[in-house]
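Trainee: There's a structure below that I have some questions on.
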Amino acid sequence: MTRIISGAAGGVRLDVPSSGTRPTSDRVRESLFGALEASDAIHGARVVDLYAGSGALGLEAASRGAASVDLVERAKPAAAIARRNADGVRRAMGAGAPPVRVHAAAVGTWLRRASGPFDLVLLDPPYDLPDAELAENLAALARVLARGALVIVERASRSGAPDWAAAGLEPLRDRAYGDTALWWGQPATESQSR
């Protein structure tokens, strides 16, 4: 069972698509969001969850105080489930719920028209997503990031780190959880981009 771990909607159950997605485990989400809260990166943040699947990552951010959340999912059945999950979180949070928008679109297409700026970006692409496509999406994302934004990529540990430099981003840290790894990045500082 997938659920919201903490915050105003803590305990709300989330539906997950029957196929085509790989939900982030509770253990990984708990560790990720604990680190994000310790960094004060969620409260008031404009969040985008790319390759959202059920929307669990973005909705966890909503529950923990994000100002707004955009969920981007290409598969229409998964986007429909993300909408239902967003409605459940919204009901649980009541009047304090942030706006949550679900976009049934390919990540690259959505990024080309997105306006941002975003403070926190969560990317959980399919493990078989080619490195070149991930690099293209990171490069497209760079233009809609707020100063000091965080970008977190979840992939298979064996995939290796994203190509941060090609996208004008720099690595911050990484951590493996068995077969899953999280890579943290941020916009490159001006001194490094020169």
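Only the coordinates and a few stated rules stand behind these numbers; no lab work does. Note that the structure is predicted; figures quoted are calculated from it, not measured. No Cβ is skipped: glycine too gets one built from the backbone with ideal geometry, and neighbour counts run over all protein chains shown.
Trainee: Using a Gaussian network model on the chain with a 10 Å cutoff between Cα atoms, which of GLU60, GLU73, GLU136 fluctuates the most?
Mentor: Answer for the Gaussian network model of the chain: GLU136.
Trainee: Just ASP119, ASP40, ASP49 to compare: in a GNM of the chain, with alpha carbon springs under 10 Å, which one fluctuates most?
Mentor: Maximum fluctuation in the GNM of the chain, among the listed residues, is at ASP40.
Trainee: Please report, in debye to the nearest 20, how large the charge dipole of the chain is about its Cα centre when each Lys and Arg carries +1 at its beta carbon and each Asp and Glu carries -1 there.
Mentor: Charge dipole of the chain: 560 debye, to the nearest 20.
Trainee: Quick check: from the Cα gyration tensor, does region 49-92 come out rounded (a/c under 1.5), prolate or oblate?
Mentor: Oblate shape, in that a/c is at least 1.5 and b/c is the bigger or equal ratio.
Trainee: Which of GLY88, GLY44, GLY160 moves the most in a Gaussian network model of the chain with Cα springs under 10 Å?
Mentor: Largest GNM mean-square fluctuation: GLY160.
Trainee: Next question. Starting from the Cα gyration tensor of the chain, multiply each eigenvalue by 5, take the square root, and state the resulting semi-axes largest first in whole Å.
Mentor: Each semi-axis is √(5λ); the values are 24, 18, 17 Å.
Trainee: State the antiparallel share, in %, of DSSP beta bridges confined to the chain, rounding to the nearest 5.
Mentor: Close to 45 percent.
Trainee: In region 59-177, with Lys and Arg counted as +1 and Asp and Glu as -1 at Cβ, which of these residues, VAL89, ALA166, THR109, has the Cα nearest the positive end of the dipole, that is, farthest along it?
Mentor: VAL89
Trainee: Need one word for region 83-163: rounded, prolate or oblate. Basis is the Cα gyration tensor (sqrt eigenvalues a ≥ b ≥ c); a/c below 1.5 gives rounded, then a/b vs b/c decides.
Mentor: It comes out prolate by the Cα gyration axes.
Trainee: A follow-up question, please. Obtain the nm distance between the two label points defined at ASP26 and ALA146 by a simple spin-label model: each point lies 7 Å from its Cα along the Cα-to-C-beta direction.
Mentor: Spacing of the two 7 Å Cα→Cβ label points: 3.1 nm.
Trainee: Per residue, what volume in Å³ does the Cα convex hull of region 6-55 take up?
Mentor: 89
Trainee: Would you mind calculating the gained length between ASP174 and THR109 on full extension (0.36 nm times residue separation, minus the Cα-Cα distance), in nm to one decimal?
Mentor: 20.6 nm
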